[in-house]
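S.K.: Okay, handing you the structure first.
The values are calculated or read from the model by the stated rules, or taken from the named source; none is laboratory data. Computed from a predicted structure; not experimentally measured. We place every Cβ from the backbone using ideal geometry, glycine too, and count neighbours over all the protein chains shown. Surface areas here come from the heavy atoms of the whole protein model, side chains and all, with no ligands, DNA or RNA. Shrake-Rupley method; radii C 1.70, N 1.55, O 1.52, S 1.80 Å.
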Amino acid sequence: DTAVSQTPKYLVTQMGNDKSIKCEQNLGHDTMYWYKQDSKKFLKIMFSYNNKELIINETVPNRFSPKSPDKAHLNLHINSLELGDSAVYFCASSQGGWVQPQHFGDGTRLSIL
Amino acid sequence: KQEVTQIPAALSVPEGENLVLNCSFTDSAIYNLQWFRQDPGKGLTSLLLIQSSQREQTSGRLNASLDKSSGRSTLYIAASQPGDSATYLCAAPAGGGSEKLVFGKGTKLTVNP
């Protein structure tokens with residue numbers, strides 16, 4: 001009964017490929033997020049959706065496209081992967097935006113060869 | 001622009017010791033501040049969320065304080081245990097009505113048996 005689940009846990013792929021990471025939460029939350037944690041462990045927000053509507057869109061290359069088919073899912077599609085995209089990507093959710101605690105998935109470790 | 005700093009970057013203590021982790025933030029116009037724990041290869045676990053109207057929040061052996069005027073928060077861990085070993089991150093809202101959370105780089109805590 002994992003609260004926030006991401007798949008896959010590990011993703012190893014070649015530069016230039018397109019890949020997707022899926023996220024699902026069963027907490028009934030209305031807000032979902034994507035974060036990127038780089039090699040120096042610095043965690044930065046990328047996107048936030050509230051009830052399927054984009055709320056936060058940080059300065060992220062447009063090769064990254066989030067998609068929220070419903071409020072329980074927020075997927076991240078990445079086109080033309082580059083070496084600098086190697087990182088751990090975390091999905092999170094909360095009820096009522098940032099005023100409530102955020103619940104994180106275990107992350108997807110993306111490695112670009 | 002909100003900046004969050006955590007000192008020290010790493011801390012090693014013997015089991016049973018009481019300890020304090022520090023977090024400072026530059027924009028004190030915040031509604032709340034959160035403390036998270038991250039275990040290796042895992043996502044973040046929300047520990048405590050302090051609202052701006054509160055000065056302290058307690059959960060078990062953890063106590064977090066918030067002093068907006070000085071731009072500081074502390075996380076106090078009583079009677080530390082080896083299971084407390086993890087990286088502890090604090091996060092504050094970006095400010096200006098933004099829903100973004102800005103994270104510190106974390107303090108890596110090691111509790112030695």
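S.K.: Place +1 on the Cβ of every Lys and Arg and -1 on the Cβ of every Asp and Glu in chain B, take the dipole about the Cα centre, and give the residue among B:A9, B:S69, B:I30 whose Cα lies farthest towards its positive end.
M.R.: With unit charges placed on the Cβ atoms, the residue in question is B:I30.
S.K.: Can you pull out the GluC sites (Glu not before Pro) in the range B:1-35 whose DSSP state is coil and whose Cβ has at most 11 other Cβ atoms within 10 Å?
M.R.: For GluC sites (Glu not before Pro) across the range B:1-35 that sit outside H, G, I, E and B with at most 11 neighbouring Cβ atoms in 10 Å, the list is empty.
S.K.: Within the range A:32-113, list the GluC sites (Glu not before Pro) lying in a DSSP loop whose Cβ has at most 13 other Cβ atoms in a 10 Å radius.
M.R.: Sites meeting the loop and neighbour criteria: A:E82.
S.K.: OK, next. Just the number, please: Stokes-Einstein D of the range B:66-113 in µm²/s, Kirkwood Rh from C-alpha pairs, 20 °C, 1.002 mPa s.
M.R.: This corresponds to a translational diffusion coefficient of 168 µm²/s.
S.K.: I've got another one for you. Under 8 Å for C-alpha pairs, at least 6 residues apart: give me the relative contact order for chain B, rounded to a whole percent.
M.R.: 37
S.K.: Could you compute the net charge surrounding B:S73? Neighbours are other residues with a C-beta less than 12 Å from the C-beta of B:S73; K and R count +1, D and E count -1.
M.R.: Neighbourhood net charge equals +1.
S.K.: Near B:L48, within a Cβ-to-Cβ distance under 13 Å, what is the net charge of the other residues, with Lys and Arg +1 and Asp and Glu -1?
M.R.: +2
S.K.: So, one more: Is there a pair in A:K9/B:K100; A:K9/A:K71; B:K68/B:K108; A:K19/B:K1 whose C-alpha atoms are over 27 Å apart, and which pairs would that be?
M.R.: Result: A:K19/B:K1 exceed 27 Å.
S.K.: Using a 1.4 Å probe on the protein heavy atoms, what percent of the accessible area of chain A belongs to carbon and sulfur?
M.R.: 49
S.K.: So what's Rg/Rh here for the range A:1-67, counting alpha carbon atoms and using the Kirkwood radius for Rh?
M.R.: 0.96
S.K.: For the protein assembly as shown, how big is Rg over Rh, using alpha carbon atoms and the Kirkwood form of Rh?
M.R.: Radius of gyration over Kirkwood radius for the protein assembly as shown works out to 0.97.
S.K.: Determine the relative contact order of chain A: mean sequence separation of Cα pairs under 8 Å and six or more apart, normalised by residue count, in whole percent.
M.R.: Once normalised by length, the contact order is 37 percent.
S.K.: Using the alpha carbon gyration tensor of chain A, what are the three equivalent-ellipsoid semi-axes (square root of 5 times each eigenvalue), largest first, in whole Å?
M.R.: Listed largest to smallest, the semi-axes of chain A are 22, 14, 13 Å.
S.K.: Can you give the net charge of the other residues whose Cβ lies under 14 Å from the Cβ of B:P8, counting K and R as +1 and D and E as -1?
M.R.: Result for the neighbourhood of B:P8: +2.
S.K.: What does the charge dipole of chain A about its Cα centre add up to, to the nearest 20 debye, if the Cβ of each Lys and Arg holds +1 and the Cβ of each Asp and Glu holds -1?
M.R.: Here chain A has a charge dipole of around 220 debye.
S.K.: Counting only protein heavy atoms and using a 1.4 Å probe, what share of the accessible area of chain B belongs to carbon plus sulfur, as a whole percent?
M.R.: With neighbouring chains kept in place, the figure for chain B is 48 percent.
S.K.: I want to check the label-to-label distance for B:L11 and A:S65. Put each point 7 Å from Cα in the C-beta direction and report it in nm to one decimal.
M.R.: 4.6
S.K.: While we're on this one: Just the number, please: buried accessible area between B and A, total of both chains, 1.4 angstrom probe, nearest 100 square angstrom.
M.R.: 1800
S.K.: Also, quick follow-up: I'd like the FRET efficiency for A:E58 and B:A79, computed as 1/(1 + (r/R0)^6) with the beta carbon distance as r and R0 of 41 Å, rounded to 0.05.
M.R.: Once the sixth-power term is evaluated, E becomes 0.55.
S.K.: Just the accessible area per residue of the range B:14-67, please: how many Å² with a 1.4 Å probe?
M.R.: 49
S.K.: Convert each backbone phi in the range B:67-79 into a coupling constant with the Karplus relation 6.51 cos²θ - 1.76 cosθ + 1.60 (shift: θ = phi - 60°), then list the ³J(HN,Hα) values in order as whole Hz, x for Gly and Pro.
M.R.: Listing the rounded values in order: 10, 5, 4, 9, x, 9, 9, 10, 10, 9, 10, 8, 6 Hz.
S.K.: Something else about it: Cα centroids of the range A:14-46 and the range B:59-113: how far apart, whole angstrom?
M.R.: 22
S.K.: Measuring with a 1.4 Å probe in the full set of protein chains, what accessible area per residue, in whole Å², belongs to chain A?
M.R.: Result: 49 Å² per residue.
S.K.: Right, another one. Let's test this: bin the Cα-Cα distances of chain B at 5 Å from zero up to the farthest pair and state each bin's percent.
M.R.: Values per bin, smallest distances first: 2, 13, 24, 25, 19, 10, 5, 1, 0.
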